[in-house]
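The structure appears right after this line, and notes come after that.
The values are calculated or read from the model by the stated rules, or taken from the named source; none is laboratory data. The structure presented is a predicted model; accordingly, all values stated were derived computationally and were not measured. Quick reminder, even Gly has a Cβ in these numbers, built from the backbone with ideal geometry, and neighbours come from all protein chains shown. Surface areas here come from the heavy atoms of the whole protein model, side chains and all, with no ligands, DNA or RNA. Shrake-Rupley method; radii C 1.70, N 1.55, O 1.52, S 1.80 Å.
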Amino acid sequence: MLSSEERGEIEAEMLKYPNKQAACIDALKIVQRRRGWISDESIREIAEFLGISTDELDGVATFYNLIYRKPVGRHVILLCNSVSCWIMGYNRLRKRLCERLEIQLGETTADGRFTLLPIVCLGTCDHAPALMVDDDLHRDLSPDSAEQILERYR
Amino acid sequence: MTSERPLTKDMKADGEALTLKEYERAGGYQGIRKALRMGPKDITDQVTKSSLRGRGGAGFPTGSKWSFVPLGKDAPHPKYLIANADEMEPGTFKDRLLMEGNPHQLLEGMMVASRAIEADVAFVFLRGEYVLSAQRLQRAIAEAYAAGYLGEKIFGSEVGLELHLHLSAGRYMCGEETGLLNALEGKRANPRTKPPYPQISGLFGKPTIVQNVETLANLPHIINNGVEWFKKLSYSADGGSKLYGASGKVKRPGLWELPMGTTIGELLHEHAGGMRDGVEFRGLLPGGASTDFLTEEHLDVKMDFTEVQKVGSRMGTGTMIILDDQTCPVGMVWNLEDFFAQESCGWCTPCWSGLRWAERILWAFEQGHGSEADLEKLEWICKFCAPGNTFCALAPGAVEPLQSALKYFRDDFLRHVREKQCPWR
Amino acid sequence: MATIYVDGKPHQVDAQQNLLHACLTLGFNLPYFCWHPALGSVGACRQCAVKQFRSPEDKHGRLVMACMTPASEGAQISIADPEAVAFRKGIIEGMMENHPHDCPVCDEGGECHLQDMTVMTGHDYRRYEFPKRTFRNQYLGPFVNHEMNRCIQCYRCVRFYREYAGGQDFNVFGIRNLAYFGRHEDGVLESEFAGNLDEVCPTGVFTDATHKHHYTRKWDMQFAPSICVHCGLGCNISPGERYGMLRRIVNRYHGDINGYFLCDRGRYGYEFVNSEQRIRQPQIRSNGQIQPVPKQQAIEEGGRFIASATTVIGIGSSRASLESNFALRMAVGANHFFAGASTQELQLLHLTLEILRTTPVASLRDVEDSDAVLVLGEDVSNYAPRMALSLRQSVRQQPFAMTDKLKIPRWLDHAVREAAQEHKGPLFMATVAATRLDDVATDTYRGAPDEIARLGYAVARTLDPEAAGLRATTASGSLAGQIVRAVRAVTGLGKPPSGAPDADFETMAQRIAQALNGAERPLVISGLGCRSGPVLKAAANVVRALQRNGKPARIALAVPECNSLGLAMLGAKPFEEALAVAREHSGTTAIMLENDLYRQAPGSDVDVFLRSANHLIALDHLQNRTTATAELTFPAATFAESDGTLVNNEGRAQRFFQALTPQEIQESWRWLRDIFVAAGRREFSAWKTLDDVIQSLVSEFPDLAQVAEAAPAASFRMAGEKIPRQPHRYSGRTAMLANINVSEPKPPDDPDSSLSYSMEGNPDQPPAALIPFAWAGGWNSYQAWNKFQEEIAGPLRGGNPGVRLFQPPAQAGEYFQDAPKRFQPREGEWLVVPLYHVFGSEELSILSPGVKQLSPKPYIAMNDEHAKGAGLQAEDMVELAIGGASYRAALQIRPDLPVGIAGVPVGVDLFAGIQLPAWSKIERVS
Ligand SMILES: Cc1cc2nc3c(=O)[nH]c(=O)nc-3n(C[C@H](O)[C@H](O)[C@H](O)COP(=O)(O)O)c2cc1C
Ligand code: SF4
Ligand code: FES
């Protein structure tokens, strides 16, 4: 069951649109913010709440990359792999993070602390390479500074 | 020409956003007040005369785009105005500054555009990763509602405007204006058939205008200062100033508001400070990932929609990505095509099949498995994805860097074949 | 019309259409995938590219997608342009990047549109040298097989399933070259139209899972033009045979009825033909033992039963052909020719005939084109399934009028849908229980049959004060009915539901009247589903009132079986009278034609009937309770093994032809002929062929005179030749029977039709009624129907098959007068009504394993209030008693059932023969 907070937030989003379906992406994000990811169960609950079919909602959910249909760690690292960051040292950064976290892109650390995901250009190319951890943007990174930044997230 | 920087001049040195008060103190919200007195047709007229062209990449004349929206009593309602703040074109980072630094300027621009088309509801369609922009816009919107600048009877007039912020869940396709409409309707962001154009049947089937953030930010200034002033901001026939940027291995990567038509060379050498020590310039993508490479010989070209097009590329978003001699051009193109193949929405065959194929071939080159015959295949794919052959502009944009790389960096491809590995490894 | 130039030559085409439609109509081979004649254009696959030139001077031109480009006056295009040719080849190459090269083991091989298009574009060399992507397949139920790796991402499946058929449990997931088409999780596809995916998918992703059990290539099957026997609509089908076994059913295009689509009951109900329960030889019962007897002996025995009888009674069948029923009637005489159906059902059928004769009747195509619809009493999705698919299209008509104003061509499918959003044209569903069409309904009304009739009368009266029956103004309030306002009102985009039902009967009648009267092509649908005369009359009255208002209104009535109307037209009398005759006369012989009486009449009556008769002769396909009591049973040919005529719900006579020639099995009319000849009735020996029977029929029944024109006679020849049932690549002809005899046997004779059991014959296009299967040079898939049509998605060349027996009347008929009284719920009793299930309620299809699997368990349903009042809970074992029999089943709580009403699933074994509606107590049993 969606919590009353979740329902309240979704209802607030619904006011923006002339039909309920339009709020489905907002709803997915609201639920994901609280639960970390979107499980099959979440899909069913949201679909029911919005009065759309689970298949309709899952078709939408699997289209968008910021909707996680698999469990993620406590913190999600979005590592920019687009062209400016690639030129400015993405590969070294990725290598270091993978070594340090002992995971590959798309995976979650054994302790459930981090999930490392590639992301398209973060729009901060003049400060490449860059990554985000949760809502925080980190820029002008080197492998060392990136490693230090991760220490801030427990 | 004046060297005014209307879009950025009021921004604060510490990077904080202007509050409503600060914005008004700097002359903000006068444009919309004036626009409210003008009437839709006059606003559109003025914007048309200003020769403002869309800053989202395609450069479509803004006033002329509005002119197709049905107006008056019989027009369908609600009508929608959407700020395209999905900025996701690799190498592009200009709209972020406008939203983080001066969100009210964008809101005012949206109000002006909304008046021009008699829109009832406006959305900012913002990419989900722009957390700071979201916070600042959210606050600005709340301030504007509180001041009576949004909602019913804005600025004490007879008209109202609802304005909402929508945070996207990702995907480059959401920036394509009709894909955006689908995303906003809670659907998969596949592009829509045109015609009918969004001006006739857009969001929720109603007349809609989608406009880039930078385009919108210009509007209050055009209304305030007039057509002649706006034209004089520019070195070229396309009016206004432009946010230009540069990334890659230059001394001072960054973003600058400059007269439209500033040359590529000036941008590279004066504003970006030239190449970093120890690396040489090889080429650049003038306006994001989906534009054709230019090289040394193009440094005198003026960065505007017309001039860049003349030399076989596009100004795009005006944010240049610089290729240096220590970066493998094949690798760079591989990175770009991987991006595009990944972001293909999966609707039309040339795009979902062709781009992934191109990416696979380029990867093979990087691994030392490329052949000369593969170059022909790449050329074929570029033609395959030409404008008109695909459903939307993603794939034609995607092959622009590839087709130009095959032209300018052919030797580098052949070196990969000869050496059976990437020479930059 | 417009003139367009294709590779320099001028052609006249429909200016309202797109270039692909135009080119295919002109007969050009232009490849395509995402476009479908019924689904329109979306421009996804980019396969239909042609070069378009701005003027004769324009030598350069540009590529356009033919399906997305209007066929406007003066358009100049080139199909042969080298750049266009290369591009189209490239599209196939792109699709083939990931497509498995598994044609030899793929079910679609040999009838694959992708295969055809690959050959057509000339793509023959693989340049892509990387690994292919792979997917996991899903279990989608007993009917549809899933093989996702073959997908080419044309989006047809999801467009058909969701957008056209309104299914919810299917979608596209993921993105880029990894789009996945299927369900959110494994499970049986819910839509009763899911089977169309087999034909909609241009390659082998969705294939017929029943066919898989006895797979045969299309080119190795022999086909016949046939008619579905699983409801009264008369959809056209193409059954395929090999080795004496019916392998599958595919759609046979009919422009006025089924178009490109069937329902799953029609597609998958066929397996009863191959059942182990089939009667394959004449059999005799003596001393309680059933034993096969040689044909001749059986015939002679039958002849003795007849000759020795004082009275011979014939029970005809609403699922047997006109010819077999007619033969029985001729044999036993009009006075002793009965139906298995009750007085009530026959009265309803005669009322239906009366209405059809005096009212303009809608075909399914008309249903689709209607712009305002009132459904009175029919659970269309379960009773006449294919009609529900047409109704789903009807609600698009008014939005079309709106998008026309925006100048969006109707074929530009997604643009139309995006502009129309949730807008739906008026569709009012007044039914006893919830239906699967309620999701597109404007308003839903639920009430007892009498209340539904009263609503109809009220609508008629609102439209025309002259219309008899109750006044709208006196019909206020609705004790037993409930009006449910749909979420999607006709106007106003997706406003939230108004909450409490605005239970105002009168305003609803007014709303309906207004919507129908404001429409250009209003339609009323009703039928025998709720077994109520008043409902039928009310429906007719609404149409009449509209006609008097100058509206071109039509009616469509659903009937129970594939030849219900045919049987009624032959004047069959009700079963009750048969029972009386049998009781009165000792020494009777009863002949039961393709009829399990136990499914039609109360078991105790059938017992009495069967016991009263001296001799019982049954002609049927499968063993059943009735055949078990018969002394003599003859193996009657099913639709797949016989030729004959059926009269569908619109009064259209259509001929079906055999695809199989089983040895001992023959048409019922032939058995009857043989038996009666043996009984000394020499005159029947004149019936040598089907055409002989038809000749007698039309001379006996002037009403049915046009039956002869339903299809060309057996003497018809195309340039002196017959029409082959077998594709010309039919293989193994000489080897198939080599285990029996190495010399190639002569193909079976078929004196009844101009179709041959051979691949030899005239290769040209046969008349529409005689097209056994869709094939044309280069077009091995179902898409070949394009080659058989006068215009794409229009009528077949020479007109759609069948003849309408009733001509639309010149003026509106008289109003029916007797509006029913208010429905009065009773204390402690329920009016038990029939509830229908697409899988389960029809007699023959339920004998097929897949249909059986999806059919419901027996239940007795009532609403939650009732149950609470009676202290009952879901799943409690409860009992009801009707007609002297009692029925026990688990209680099902159905909040949608109205006050005073209970329902049971008809067709499932437990409720065989129950006569509904009827009042009963419902009590818990321990
Ligand atoms: C694949 C694709 C992505 C796009 N992304 C953006 C974007 O992120 N922001 C944007 O303003 N325009 C984007 N555009 C351009 C828009 O389609 C549209 O032209 C633009 O928003 C119109 O605004 P303008 O006239 O003010 O430039 C994109 C186009 C394509 C084909
Ligand atoms: S709708 Fe009826 S006639 Fe048509 S296919 Fe289905 S069961 Fe057969
Ligand atoms: S058939 Fe025309 S684009 Fe698919």
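On a per residue basis, chain C carries 34 Å² of accessible surface, using protein heavy atoms and a 1.4 Å probe.
Cα convex hull, the range A:75-151: 71 Å³ per residue, rounded to a whole number. Taking only alpha carbon atoms, the range C:362-419 gives an Rg to Rh ratio of 1.05, where Rh is the Kirkwood radius.
Placing a pseudo-label 7 Å from each Cα along the Cα-to-Cβ vector at C:GLU879 and C:ASN335 gives an inter-label distance of 4.4 nm.
Mean projected area of the convex hull spanned by the Cα atoms of the protein assembly as shown, taken over all viewing directions: 59.7 nm². Using the Cβ-Cβ distance between C:ALA713 and C:VAL925 with R0 = 56 Å, the FRET efficiency computed as 1/(1 + (r/R0)^6) comes to roughly 0.40. Counting Cβ atoms of other protein chains within 10 Å of each residue's Cβ and taking the mean over peptide A:136-148 gives 1. With viscosity 0.890 mPa s and temperature 25 °C, the Kirkwood radius over alpha carbon pairs of the range B:20-232 converts through Stokes-Einstein to a diffusion coefficient of 145 µm²/s.
For the range C:258-319, the convex hull spanned by the alpha carbon atoms encloses 166 Å³ per residue. Taking max minus min of the alpha-carbon positions on each principal axis, the range C:1-155 gives extents of 52, 35, 23 Å, largest first. Take every pair of alpha-carbon atoms less than 8 Å apart whose residues are at least six positions apart; their mean separation over the length of the range B:259-374 yields a relative contact order of 22 percent. Return the FRET efficiency for the residue pair C:ILE290, C:ALA776: r is the Cβ-Cβ distance, R0 is 35 Å, and the value is rounded to the nearest 0.05. Taking R0 as 35 Å, the efficiency between C:ILE290 and C:ALA776 is 0.10.
Shown here for the range B:128-189: GluC sites (Glu not before Pro) in loop regions (DSSP other than H, G, I, E, B) with at most 16 other Cβ atoms within 10 Å, namely B:GLU152, B:GLU158. With a threshold of 24 Å on the Cα-Cα distance, the over-threshold entries among B:LYS73/B:LYS231; A:LYS95/B:LYS251; B:LYS187/C:LYS212; B:LYS94/B:LYS383; A:LYS16/C:LYS407; B:LYS310/B:LYS407 are B:LYS73/B:LYS231; A:LYS95/B:LYS251; B:LYS187/C:LYS212; B:LYS94/B:LYS383; A:LYS16/C:LYS407.
When peptides C:139-145, C:851-857, C:391-397 are sorted by average Cβ neighbour count within 10 Å, with the highest value leading, the order is C:391-397, C:139-145, C:851-857. With the biggest extent put first, the Cα atoms of the range C:547-696 measure 58, 37, 29 Å across the principal axes. Per the Cα gyration tensor, the range C:830-924 maps to an equivalent ellipsoid with semi-axes of 23, 14, 11 Å, ordered largest to smallest.
Remark: the range C:554-606 is approximated by an ellipsoid whose semi-axes, taken from the C-alpha gyration tensor as √(5λ), come to 26, 13, 10 Å, largest first.
Between A:ARG35 and C:ALA580, what is the label-to-label distance in nm when each label sits 7 Å out along the Cα-to-Cβ direction? It works out to 6.7 nm between the two label points. Packing order of peptides C:898-908, B:300-310, highest average first: C:898-908, B:300-310 (average count of other Cβ atoms within 10 Å over each peptide's residues). Per-residue shielding of A:67-80, expressed as the average number of other chain Cβ atoms within 10 Å of the residue Cβ, stands at 1. The trypsin sites (Lys or Arg not before Pro) found in the range C:620-657 include none that occupy coil by DSSP while having at most 14 further C-beta atoms within 10 Å. Taking 0.36 nm per residue of sequence separation and removing the Cα-Cα distance, the C:SER731/C:ARG136 pair yields an extension gain of 210.8 nm. For the segment B:330-343, counting C-beta atoms of other chains within 10 Å of every residue's C-beta and taking the mean gives 3.
Normalised by the number of residues in the range A:4-63, the average gap of Cα pairs under 8 Å and 6 or more apart makes the relative contact order 29 percent. Given +1 at the Cβ of Lys and Arg, -1 at the Cβ of Asp and Glu and no other charges, the dipole of the range C:734-866 around its Cα centre is 200 debye to the nearest 20. Contact order, relative form, for chain C: 14 percent (alpha carbon pairs under 8 Å, 6 or more residues apart, mean separation divided by residue count). Counting every C-alpha pair in the range A:4-63, the share spaced more than 19 angstrom apart comes to 17%.
Share of Cα-Cα pairs in the range B:241-324 beyond 20 Å, in percent? More than 20 Å apart: 19 percent of the Cα pairs in the range B:241-324. Apolar share of the accessible surface for chain C: 51 percent from carbon plus sulfur atoms, 1.4 Å probe.
Extension gain for C:HIS350-C:ASP749 works out to 139.8 nm (0.36 nm per residue, less the C-alpha to C-alpha distance). For the listed peptides C:726-735, C:275-284, a ranking on the average number of other beta carbons within 10 Å per residue, highest first, reads C:275-284, C:726-735. Share of pairwise Cα-Cα distances greater than 30 Å in chain B is 42 percent (whole percent).
Only Lys, Arg, Asp and Glu carry charge here, each on its Cβ (+1 for the first two, -1 for the last two); on that basis the protein assembly as shown has a dipole of about 940 debye about its Cα centre. The residue list C:ALA881, B:SER157, B:ILE321 was ranked by how far each Cα lies along the charge dipole of the protein assembly as shown toward its positive end, using unit charges on Cβ atoms, and B:SER157 comes out on top.
Annotation note: chymotrypsin sites (Phe, Trp or Tyr not before Pro) in the range B:29-81 located in DSSP loop regions with a Cβ neighbour count of at most 15 within 10 Å are B:PHE68. For chain C, the equivalent ellipsoid derived from the Cα gyration tensor has semi-axes of 44, 37, 26 Å, listed largest first. Label positions at C:LYS688 and A:SER4, each projected 7 Å from the Cα along the C-beta direction, are separated by 8.8 nm. Tally Lys and Arg at +1 and Asp and Glu at -1 over the other residues with C-beta under 15 Å from the C-beta of B:VAL333: what net charge comes out? After counting each charged neighbour, the total is -4. Identify the residues of the range C:546-579 with backbone N under 14 Å of a label point that sits 7 angstrom from the Cα of C:ARG357 along the Cα-to-Cβ direction, or state none. Counting backbone N atoms under 14 Å from the label point, the list is C:566, C:568-572.
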